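See structure below.
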Amino acid sequence: MELKKSKGLNGIARGVMRHFDQIGLSSLSEFSPIKGLRVDIITLGMSNEIWIIECKSGQSDFKSDRKWHNYLDWCDRYFWAVDANFPIDILPINTGIIIADAYDASILREAPLNKLSPARQKKVIKSIAKSACNRLLTHIDPKI
């Protein structure tokens, strides 16, 4: 099976998820922690830390994002994933930065730890597991 070259936002997400897989982290794309919010990637980090990663294809994409502050209540660490040409100086200082392309990624700046409450963490992890199981089921049996 030949991989097609992936560009832009989908390529950034793919590169981030590939990198996380290589370092032993599990991630899920297009996850909704609650109704009305959809994050690009959610990852279970070390010690069950929950990381949210928002992928931005360019400066205008970043500037038009009005919901990202709402994601902070659903993760222990928050990252932006951008390509190498993105002007990273416009990204908020209290967030992490990942540089990515369609094939790999690198954490440029670690995100600060803002630990979720144990109850919230448990709720999010259960929701991630349920979403992943449901996606696998529809992959195995598309008629469900």
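From the backbone phi of the range 77-93, what are the Karplus-calculated ³J(HN,Hα) couplings (6.51 cos²θ - 1.76 cosθ + 1.60, θ = phi - 60°) in whole Hz, Gly and Pro given as x?
9, 10, 10, 9, 10, 9, 8, 5, 8, 6, x, 5, 5, 8, 7, x, 5
Of the residues ARG66, ARG14, ARG77, which exhibits the maximal mean-square fluctuation in a Gaussian network model of the chain defined by a 10 Å Cα contact cut-off?
With Cα springs under 10 Å in the chain, the top fluctuation among ARG66, ARG14, ARG77 is at ARG66.
Pick out, from CYS133, ASN85, ASN70, the residue whose Cα sits farthest towards the positive end of the charge dipole of the chain, with +1 on the Cβ of Lys and Arg and -1 on the Cβ of Asp and Glu.
Of CYS133, ASN85, ASN70, it is CYS133.
So how do ILE53, ILE88 rank on accessible area, 1.4 Å probe, biggest first, that is with the largest at the start?
Numbers: ILE53 0, ILE88 60 Å².
Largest accessible area first, the list is ILE88, ILE53.
At 1.4 Å probe size, with the rest of the protein present, what percent of the exposed accessible area of the chain is carbon and sulfur atoms? Could you put the intermediate results ahead of the total?
Details: 4660 of 8680 Å².
On the chain, the fraction of accessible area on carbon and sulfur atoms equals 54 percent.
Ignoring ligands, DNA and RNA, what accessible area per residue does the range 22-144 give at 1.4 Å, in Å²? Numbers along the way, then the final one.
Working: 7110 Å² over 123 residues.
Spelled out: the 1.4 Å probe surface of the range 22-144, per residue, equals 58 Å².
In whole Hz, what ³J(HN,Hα) sequence does the range 128-133 give by Karplus (6.51, -1.76, 1.60; θ = phi - 60°), x for Gly and Pro?
Coupling constants for the range 128-133: 4, 4, 5, 4, 5, 4 Hz.
The values are calculated or read from the model by the stated rules, or taken from the named source; none is laboratory data. Everything numeric in this text was worked out from a predicted model, so none of it was measured. Here the Cβ is made from the backbone with ideal geometry for all residues, glycine too, and neighbour counts use every protein chain on show. We work out accessible area using only protein heavy atoms, side chains counted, and drop any ligands, DNA or RNA first. Shrake-Rupley method; radii C 1.70, N 1.55, O 1.52, S 1.80 Å.
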